[in-house]
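Quick one: the structure is below, questions incoming.
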Amino acid sequence: MVGGRRHRPGDHLSGALALLRRRRQFRSLWSALALSYVGSGAATVALVLYVQQTRGTGTAVAALLVAEGAPRLLGPLAGGLADRIDLRQMMIGADLGQAALFALMALLPPFAILLALSALTSLLQTAYSPARTSAVPVLVEEDELLTANALTGAASNLYVAIGPLVGALLFVAGGASLVLVINAVSFIGSAQLTRGIPSLPPPPRGDGDENFLAAVRTALRFAMADRLTRTVMLSIFAVFAFIAVDNVALVFLVRDTLGASAGAYGIVSAVFGIGMLTASLAIASGTTLPAPLLYLLSLLLSSVGTLLTGIAPVIAVVALFQLVAGSGNGMEIVASETILHQRVPRHLLGRVAGLLTTAIAAGLAVAMAAGGLLVDATSPRFVLIAAGAGCLIVTAAAAPTLLAARQG
């Protein structure tokens, strides 16, 4: 193992802060994640507000979100790369590349070029994600995985807990360009922090002389053969296909249906992120629930929170139900990654993590493509209620496998 010293009998001051103190190299990774995710969350909200302001249609907002989501369909290929090269160098390269791209986006080029640059930043993030997932179990002990994943989940949750509020406030103060420049700087800082972890070369491969695509197929066969991993992959795709329409519908519910400001939209988005962050920190502080039950609970909270958002009469109630939905999303990140760490062999982990990224991205792509059209054709309320109901159906379908695995 690469991270600091091992446990000693009196070393259970335990919890999130204790883990960060014990594992200096994991702390560097966590700090890099936190910094870059705050910047990215701010940039995403600024871009959504900029497109909504300058283009004015749900289809245009959906096009931006599809451009950001489509490259994540390449997750298995990115995961295959993570299983074959040094993880540290892969993460640093992705951070520096995103810094350069966001600096270009700050020039606010024509819409088509803005979409292309957004897609390229997402492609680099797709490469980063399985590398980060594969790095975590190398930097901590096996019995620290749930806490470590809760901490990385908390860092990623800053994307929606703090980033949107920062982005909305900076957008009001200085426009989209200011937010995008700040995000570029955050990626430079993230790359520097990542230099604080050691070189993380790939493990010995268990797939012999398989070529790149064959190795990806090996990971897919594993994921589909393992019942619990398969259930997570399929359910997470279906849930995101329903529930991620809120990425399009919410801005129109807040600004058009309820007549609130851009700042109010930033606050509501931030409350969703606070729910994510709260759930992650609650798990990090200690839980007796196994990962499969946490995952099931996460689906239920996401479903109910989204459905009730659709019927909320005022902004304050929207924020309350987004808090519920956000807690489900935050719990899902921690639970799904812990399930992968517990079930997947190390030499396949990058590729299977890439498959999970692709399942989420495919669900997002369906949601973005349908969400813009549905918002324009119906109403934000109808879209959110339908999404929550669909997610409840998925939750019921996944429940038997997750309950059967509760001792896993």
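Any read-out appearing in this document is the output of simple, stated calculations on the displayed coordinates, not a laboratory observation. Since this is a predicted model, take the numbers as computed values, not measurements. Cβ coordinates were reconstructed from backbone atoms using ideal geometry, including for glycine residues, and neighbour counts include every protein chain displayed.
Starting from a Cα-only point model with no solvent, please compute log10 I(q)/I(0) by Debye for segment 272-408 at q = 0.11, 0.17 1/Å.
So the normalised log intensities work out to -0.45, -1.01.
Which whole-Hz ³J(HN,Hα) couplings does segment 246-255 yield from phi under the Karplus relation 6.51 cos²θ - 1.76 cosθ + 1.60, θ = phi - 60°, glycine and proline marked x?
Per-residue couplings from phi come out as 5, 4, 8, 5, 5, 5, 7, 4, 5, 8 Hz.
Looking at the calculated P(r) for segment 31-158, what percent of the C-alpha pair distances fall above 16 Å?
Beyond 16 Å sits 66 percent of the P(r) for segment 31-158.
Please give, to one decimal in nm, the separation of the simple spin-label points placed at I393 and V172, each 7 Å out from Cα toward the Cβ.
4.0 nm
Could you give the alpha-carbon Rg of segment 264-309 over 2.2 N^0.38 Å, rounded to two decimals?
Scaled against compact globular proteins, the figure is 1.30.
Related question: Mean Kyte-Doolittle of at least 0.0 plus a Cα span of 18 Å or more along the axis: flag which DSSP H helices in the chain meet both, please.
Helix filter hits for the chain: 24-54, 87-105, 111-139, 145-161, 163-194, 212-225, 227-243, 262-284, 291-309, 315-343, 349-377, 380-404.
Averaging sequence separations of C-alpha pairs under 8 Å and six or more residues apart, then dividing by the length of the chain, give the relative contact order as a whole percent.
Once divided by the residue count of the chain, the mean separation gives 28 percent.
P(r) of segment 135-208 in 5 Å steps, Cα pairs, percent per bin?
3, 12, 14, 17, 17, 13, 10, 7, 4, 2, 1, 0
Something else about it: With Rg and the Kirkwood Rh both taken from Cα atoms, where does Rg over Rh land for the chain?
0.95
Please return the longest stretch of the chain lacking exposed loop sites, where trypsin sites (Lys or Arg not before Pro) count only if DSSP places them in a loop and at most 16 other Cβ atoms lie within 10 Å.
With a cap of 16 other Cβ atoms within 10 Å, the longest stretch comes to 206-405.
Compute the separation of the alpha-carbon centres of segment 361-377 and segment 306-354 and state it in Å as a whole number.
Taking the Cα centre of segment 306-354 as reference, the centre of segment 361-377 is 19 Å away.
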